[in-house]
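None of the figures in this text is laboratory data; all of them are computed from the coordinates on show. Because the structure is predicted, anything quoted here is derived from the model rather than measured. As a convention, Cβ positions derive from the backbone with ideal geometry for all residues, glycine included, and neighbour counts pool all protein chains shown.
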Amino acid sequence: MRLYSGPLSLFSAKTRIALAEKGLEHELIQVDWSRETRYIPHHPEVARLNPKGEVPVLIDGNTVVCDSTLIAEYLEEKYPAPPLFPQGAAERVRCRQQEAAADEMWFPFIWDLIETSFYPNSGDASVEARAASAREGLVALYSKFDAELADREYYCGDLTVADIGTGVFVFAAATLGAPVPAELENVRAWFARLQARPSVAQVSADLAQAAAGAMTA
């Protein structure tokens, strides 16, 4: 099994955590990236395997899977133990809805923070307004998530892809100046449990190291 990943790709991070939680050995290939050119030119194998030229790309024998959500579903079907999706139709769709919400609703705010703080920018008032709006949007999402975590250690009881996908973005937001507010105790306790898992701790450390290296390069 081989995984093409980006050193700062949050979607690759989701896949790496899922692979680690399932105990699946794989070759990790981190593609070239820089603040100036990002992923251009695309890694030739990534460009060949994925028409969008994006990571993550998983190769498992003769099977090629692109997109972190599809990779998670593929891994669950082929390697079901330990499970990363809950049992029962209602809980499974709840899990999928939160994982989708993380990608479609949380990540755009993260991207605003990335573009306004991590990449070179003009520093004008519009940039700060964009960052402030992103921080406000994340606080609203944190608050809703806090209520949904009541009486649950993880979003669906046990660890699932909903926790992995959301947790990666919470980690990124915190490093970009948008941590979970102190009063949202459910989210903070959930995030502490998540970060204590070896799979999450390792990937988070790798992301932090890559970010620090990029800023000093």
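Miscellaneous remarks
- Inter-probe distance in nm under a simple model that places probes 7 Å from Cα toward Cβ, at residue 111 and residue 2: 2.9 nm
- Neighbours of residue 16, meaning other residues whose beta-carbon lies under 14 angstrom from its beta-carbon, give a summed charge of 0 when Lys and Arg score +1 and Asp and Glu score -1.
- Loop-resident sites, region 107-206, for trypsin sites (Lys or Arg not before Pro), counting at most 13 other Cβ within 10 Å (DSSP): 152
- Potential extension, residue 151-residue 174 segment - 0.36 nm per residue separation minus Cα distance: 5.9 nm
- With the helix formula -39500 (n - 2.57) applied to DSSP H stretches of n ≥ 4, the chain reaches a computed 222 nm mean residue ellipticity of -17500 deg cm²/dmol.
- Part-to-part distance (alpha-carbon centres) for region 168-192 and region 2-48, which is given in Å: 24 Å
- Residue 192-residue 93 pseudo-label distance in nm [points 7 Å out on the Cα-to-Cβ vector]: 3.5 nm
- The tail of the calculated P(r) for the chain beyond 27 Å holds 32 percent of all Cα-Cα pairs.
- Within-15-Å neighbourhood charge of residue 80 [Cβ basis; K, R +1; D, E -1]: -3
- Estimated FRET transfer efficiency when R0 is 22 angstrom, pair residue 210-residue 27 (beta carbons, to 0.05): 0.75
- Of all lysines in the structure, the ones whose alpha carbon falls short of 19 Å from that of residue 14, not counting any fewer than 8 places away in one chain, are 22, 52, 78.
- Cross-link partners for residue 144 among the aspartates and glutamates, with Cα-Cα distance under 15 Å and sequence neighbours closer than 8 places in the same chain left out: 99, 136, 163, 183, 185.
- Environment charge at residue 154 (Cβ cut-off 13 Å; Lys +1, Arg +1, Asp -1, Glu -1): -4
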